Amino acid sequence: MKTPRIVKTRSELKAAIAEANPGSLGFVPTMGALHDGHASLFKAAREENELVVISVFVNELQFNDTSDYAKYPRTLDADVQVAAGAGVDIVFAPEAREIYHAGLPLIRLNSGALGEMYEGASRPGHFDGMLAVVAKLLHLADPRQGEYRAYFGQKDAQQVVLIRRMVADLDYAVELRSVPIVRSGKGLALSSRNSLLNEEQLQAALVLHRAIALIAGRAERNEPLNLDDAIGMFQMEPLVELDYFVVVDPGNLQELAFNCQDTPFTGEGLILVAATVGGVRLIDNQPI
């Protein structure tokens, strides 16, 4: 198992990429606290590219709660081991001043209407901050020649939609790959935030997957979805506070007219759910 090369500055990153001179580069931006879900992204990048680069950077701009930012897990040594096991070549682990070298940016991307719903409604400014750092990182990891791909987890479905739109609108020369959710044996979507939950809270959090499975099963059978039944499952879990449970168009995130009580489900949709468990925000989703 090869230990990845760790670089801390943008100049070191550029030099490391230039030295490798890859015919193809796969880039995976992360906020660290890596787990098997991240490893699946790295492995997908490894299969398609000569050089695999990841970033580990906890981006202050996408936290609308300073306490949430402060308690977000920071485990770089362990992250490097996860990266090594998945075949990563370079780990870019900058300090905030390296990314935002002139201080927090005065000019920022606006995530628009797509960024104001669901996660954006509950976490104002989150997606503007996410796009600010992803836009920078995509530039910094760009090999300038050869094939260039970036990999994102489908667990953050709204984020993936926004990044795809940013790349299209701003003409980034990068191919985007979305990698399926990795789950625990009991169905909970893997997340860095899961480490903040105790055993009782982890058990309660499984209601997210149970509710999704209920509606996904109805969709597969072309039955009425009747989301009230799924929402009722959350009301039976006192440790879980539901924020939203919706079915949307996977392309534009608009709530589908047949989030239906009576009409049989046809076509395609995306189940989105967010809830708080023990003060920890969890999200999940599933295409249907």
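The values are calculated or read from the model by the stated rules, or taken from the named source; none is laboratory data. Computed from a predicted model, the values in this text were never measured in an experiment. With ideal geometry, Cβ positions are generated from the backbone for all residues, glycine too; neighbour counts draw on all protein chains shown. For the accessible areas, the whole protein counts, side chains as well, though only heavy atoms, and no ligand, DNA or RNA atoms are used. Shrake-Rupley method; radii C 1.70, N 1.55, O 1.52, S 1.80 Å.
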Rounded, prolate or oblate: pick one for region 126-279, where a ≥ b ≥ c are the square roots of the eigenvalues of its C-alpha gyration tensor, a/c under 1.5 means rounded, and failing that, prolate if a/b is larger than b/c, else oblate. oblate
Fully extended, how many nm does the chain gain between S122 and Y244 (0.36 nm per residue separation, minus their Cα-Cα distance)? 43.0 nm
How much of the accessible area of region 98-178, in percent, comes from carbon and sulfur atoms when a 1.4 Å probe is used? 51
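Give me the orientation-averaged projected area of the Cα convex hull of region 113-175, in nm², one decimal. Spell out each step's value before the answer.
Working: hull surface 17.2 nm².
The orientation-averaged projected area of the Cα hull of region 113-175 comes to 4.3 nm².
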In the neighborhood of N49, defined by Cβ-to-Cβ distances under 14 Å, what is the net charge if each Lys or Arg adds +1 and each Asp or Glu adds -1? -3
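Tally Lys and Arg at +1 and Asp and Glu at -1 over the other residues with C-beta under 13 Å from the C-beta of L227: what net charge comes out?
Numbers: positive: R218; negative: E223, D228, D229, E255, D262.
Around L227, the surrounding residues sum to -4.
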Rank-order 4-10, 222-228 by packing density, defined as the average count of other C-beta atoms within 10 Å over each peptide's residues, highest first. 4-10, 222-228
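Could you work out the relative contact order of the chain, using alpha carbon pairs under 8 angstrom and six or more residues apart, expressed as a whole percent? Provide the component values of the computation, followed by the final result.
Details: 517 pairs, mean separation 50.9, N = 288.
Taking the mean separation of contacting Cα pairs over the length of the chain, I get 18 percent.
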Which value in nm describes the separation of the simple spin-label points at R177 and A18, placed 7 Å from the Cα toward the beta carbon? 2.7
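Rolling a 1.4 angstrom probe over the protein heavy atoms, how many square angstrom per residue are accessible across region 99-161? Please report the intermediate quantities before stating the final value.
On the way: 2700 Å² over 63 residues.
Roughly 43 Å² per residue, with all protein chains present.
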Around D142, with a cut-off of 13 angstrom between Cβ atoms, what is the net charge of the other residues, counting Lys and Arg +1 and Asp and Glu -1? +2
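Please give the contour-minus-distance gain from Y69 to H101: 0.36 nm per residue of separation, less the Cα-Cα distance, rounded to one decimal in nm. Write down the numbers at each step before the final one.
Numbers: separation 32, 0.36 × 32 = 11.52 nm, distance 1.95 nm.
Full-extension gain reported as 9.6 nm.
Taking all protein chains as present, what is the carbon and sulfur share of the accessible area of region 15-70, in % to the nearest whole number, probe 1.4 Å?
On the way: 940 of 2120 Å².
Answer for region 15-70: carbon and sulfur cover 44 percent of the accessible area.
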Using +1 at the Cβ of each Lys and Arg and -1 at the Cβ of each Asp and Glu in the chain, identify which of P4, T263, H35 lies farthest towards the dipole's positive end. P4
Of all DSSP beta bridges in the chain, what percent run antiparallel (nearest 5)? 45
Extension gain from Q254 to L170, taking 0.36 nm per residue of separation minus the Cα-Cα distance: 28.0 nm
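Quick check: with the 1.4 Å probe, what order do T3, T66 take by accessible area, largest first?
T66, T3
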Give the cross-link partners of K14 among the lysines, using a straight C-alpha distance below 29 Å as the criterion and excluding same-chain residues fewer than 8 apart. K2, K43, K136
Cα gyration tensor shape for region 40-141, rounded if a/c is under 1.5, else prolate or oblate: prolate
Residue among N194, A150, G279 farthest towards the positive dipole end of region 136-279, charges placed on Cβ: A150
